[in-house]
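Below is one structure, written out as structure tokens, with a few remarks after it.
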Amino acid sequence: MNPRSSFLRAVAAVAWKDLAAELRSRELLSAMLVFSLLVILIFNFALELDIATRRSVTSGVLWTTFAFAGTLGLNRSLAVEKDRGCLDGLLLAPVDRSAIYFGKVISNLAFMLIVEAIVLPVYSLLYNTNLFHPGLLAVILLGSIGYTAVGTLLSSMAVQTRTRDVMLPILLFPVAVPVLISAVKASSGYLSGAAWEEILPWLNLLIAYDVIFTAIAFMVFDYVVEE
Amino acid sequence: MRKMIEVRKLTKRFGLKTVLRGLDFEVQAGEFVALLGPNGAGKTTFLRILASLSRPSMGKVKIAGYELPGQAAAVRARLGVVSHLPLLYPDLTAQENLEFYARMYGIRHHASRITQVLEMVGLQARRHDLVRTFSRGMQQRLAIGRAVLHDPDVMLFDEPYTGLDQDASAMLDDVLKTVAAQGRTVVMTSHDLARAEDLATRFDILSRGAIAASITRDSLGKDNLLSFYKQALAA
């Protein structure tokens with residue numbers, strides 16, 4: 001079997017395994033979802049504002065919710081592997097270890113997108129704001145890719161430490177600042193009807209961040225997971 | 001006879017702590033080596049280096065002719081590892097777990113191989129049950145099935161009897177004997193001297209990060225393993 005097909009097969013196997021296990025247990029998705037809905041509910045009561053002001057805080061509230069819920073999922077996704085020794089099982093496979101990373105990114109991204117797909121209509125109802133702009137959805141997709149790309153790498157580092165539950169947010173939030181800022185700016189640009197020229201630099205930053213961090217993770221994942 | 005495992009002057013440090021100190025170790029093809037020693041001797045660290053889960057600080061490690069860490073993927077393709085943790089996913093069935101690992105190892109036509117392995121470990125009737133419903137003994141048998149799925153030349157067992165009751169241990173004995181009878185090279189760490197004496201063809205005592213003594217079953221003669229073990233640690 002050629003190396004590329006064995007790489008892709010391993011990526012698909014890891015993603016399939018995570019999705020199949022989650023479909024049965026629903027541990028991770030339910031925790032992320034309940035947390036997200038509680039956050040937007042709390043913001044809804046905390047920010048009793050007029051419609052115009054609500055629209056201006058929408059992107060900030062949304063990305064705060066996605067970032068915290070995403071961190072919850074990223075932490076759990078790797079912790080489950082470590083606690084049951086399954087991370088060793090994955091590392092023992094005769095494949096390029098970055099295939100494990102990409103498989104994990106795909107499953108983590110899928111969980112994040114599922115949560116976002118449920119949160120967006122609920123948010124639209126609660127805040128009386130239409131969030132279904134194709135541009136905004138594209139920003140959410142790009143932001144989620146960047147966040148899970150760097151989050152999966154950092155959670156595989158954090159999971160090796162004794163204080164892993166607090167370690168991931170401490171490591172992740174400073175590194176994810178560019179992706180969060182550009183996602184918030186691009187989202188609010190779409191929501192306020194800003195000109196394309198104003199949104200474009202933030203979109204470019206998002207794309208550059210996604211590419212750079214995916215490439216870095218591809219190069220260093222093997223060293224991160226080996227003792 | 002062909003050397004299956006060759007280790008020269010292996011040193012492993014974790015920060016300031018040196019766990020393995022210039023360890024030399026050799027295993028011929030088809031040998032069953034029991035690696036014995038007290039807690040903290042470095043048995044698990046040594047096995048993790050052989051399994052390419054940990055990088056040596058210094059020294060050379062060769063398995064089936066391939067060097068670590070440079071040719072780690074080739075080594076891993078020829079290696080089956082069983083530890084005290086089953087390395088299985090509790091929310092997948094026995095069959096799904098084996099299918100997942102078959103994909104990771106690139107096993108073609110894996111359906112027949114999975115059936116063969118499940119029969120070997122006596123879990124054919126439970127193949128569609130979730131692993132979380134299995135007893136510890138059944139999980140450990142399935143873990144052995146997972147480890148032999150890709151038909152490895154070398155098997156590493158790290159304390160495989162941990163947490164097993166007497167019946168499950170006896171069943172594991174049978175599976176281990178079957179694995180060894182298939183001509184595989186086996187290295188097993190254990191605290192259970194009686195079980196090691198029953199299964200292994202050679203006994204190596206690891207103490208303070210180096211092999212303190214080594215003896216084959218034939219050379220052990222009338223002396224029992226316990227007295228040999230005590231002498232090796234006292235020296």
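Checked against the criterion of being in a helix (DSSP H, G or I), basic (Lys, Arg) and on the phi < 0 side of the Ramachandran plot, the candidates B:132, B:108 yield just one match: B:132.
Evaluate the following for residue B:72: is it within 14 Å of chain A (Cβ to nearest Cβ) and among the hydrophobic types (A, V, I, L, M, F, W, C)? Taking the combined requirement at face value, the residue satisfies it.
Per the conditions (1) out of contact with any Ser or Thr (no Cβ under 7 Å at 6 or more places or on another chain); (2) closer than 18 Å to residue A:227 by Cα, the sole criterion not satisfied by residue B:39 is (2). Residue-level check: of (1) within 12 Å of chain A (Cβ to nearest Cβ); (2) over 20 Å from residue A:88 (Cβ atoms), residue B:119 misses just (1).
Cβ separations smaller than 7 Å between residues 6+ apart or across chains give the following pairs from region B:151-162 residues that are touching a residue at least 12 places away in the same chain (Cβ under 8 Å) to residues that are acidic (Asp, Glu) and part of a loop (DSSP other than H, G, I, E, B): B:161/B:192.
Of the listed requirements (1) free of Cβ contacts under 8 Å to residues at least 60 places away in the same chain; (2) within 11 Å of chain A (Cβ to nearest Cβ); (3) surrounded by fewer than 20 Cβ atoms within 10 Å (Cβ to Cβ), residue B:17 misses just one: (2). Residues in region B:51-75 that are of a type in the set (S, T, N, Q) and farther than 22 Å from residue A:160 by Cβ: B:71 only. If the condition is being of a type in the set (Lys, Arg) and more than 11 Å from every other protein chain (Cβ to nearest Cβ), then region A:1-37 contributes only A:4. Please find, among A:59, A:98, the residue that is of a type in the set (S, T, N, Q), within 14 Å of chain B (Cβ to nearest Cβ) and in contact with a helix residue (DSSP H, G or I) (Cβ under 9 Å, 6 or more places away or on another chain). Matching residue, one of A:59, A:98: A:98.
A single member of A:109, A:131, A:92, A:74 is among the aliphatic types (A, V, I, L, M), within 14 Å of chain B (Cβ to nearest Cβ) and surrounded by 19 or more Cβ atoms within 10 Å (Cβ to Cβ), and it is A:92.
Considering only region A:114-127, I want to know if a residue exists there that is crowded, with 22+ Cβ neighbours inside 10 Å and within 14 Å of chain B (Cβ to nearest Cβ). Within region A:114-127 (the criterion being crowded, with 22+ Cβ neighbours inside 10 Å and within 14 Å of chain B (Cβ to nearest Cβ)), the answer is no, since none of the residues qualifies. Cβ separations smaller than 8 Å between residues 6+ apart or across chains give the following pairs from region B:100-115 residues that are more than 7 Å from chain A (Cβ to nearest Cβ) and without any contact (Cβ under 8 Å) to a residue 24 or more places away in the chain to residues that are surrounded by fewer than 17 Cβ atoms within 10 Å (Cβ to Cβ) and outside any loop (DSSP other than H, G, I, E, B): B:115/B:124. Of all residues in region B:146-158, at least one satisfies being at pLDDT 90 or above and over 30 Å from residue A:2 (Cβ atoms). Here A:216, A:199, A:170, A:181 are screened, and the one residue that is farther than 17 Å from residue A:101 by Cβ, touching a residue at least 60 places away in the same chain (Cβ under 8 Å) and of a type in the set (Val, Ile, Thr) is A:199.
When residue B:16 is tested against (1) touching a strand residue (DSSP E or B) at 6+ places or on another chain (Cβ under 7 Å); (2) farther than 26 Å from residue B:202 by Cα, exactly one condition is not met: (1). Residue A:53: away from chain B (no Cβ under 14 Å), in a helix (DSSP H, G or I), closer than 26 Å to residue A:182 by Cβ and touching a residue at least 40 places away in the same chain (Cβ under 8 Å), yes or no? When the stated conditions are applied, residue A:53 does not pass them.
The strands (runs of 3 or more DSSP E) found wholly in region B:18-80 include none carrying at least 2 residues that are under 20 Å from residue A:90 (Cα atoms).
Taken residue by residue, region B:41-63 has at least one member that is more than 14 Å from chain A (Cβ to nearest Cβ), touching a residue at least 60 places away in the same chain (Cβ under 8 Å) and not acidic (Asp, Glu).
The values are calculated or read from the model by the stated rules, or taken from the named source; none is laboratory data. Because the structure is a prediction, the values reported are computed rather than measured. With ideal geometry, Cβ positions are generated from the backbone for all residues, glycine too; neighbour counts draw on all protein chains shown.
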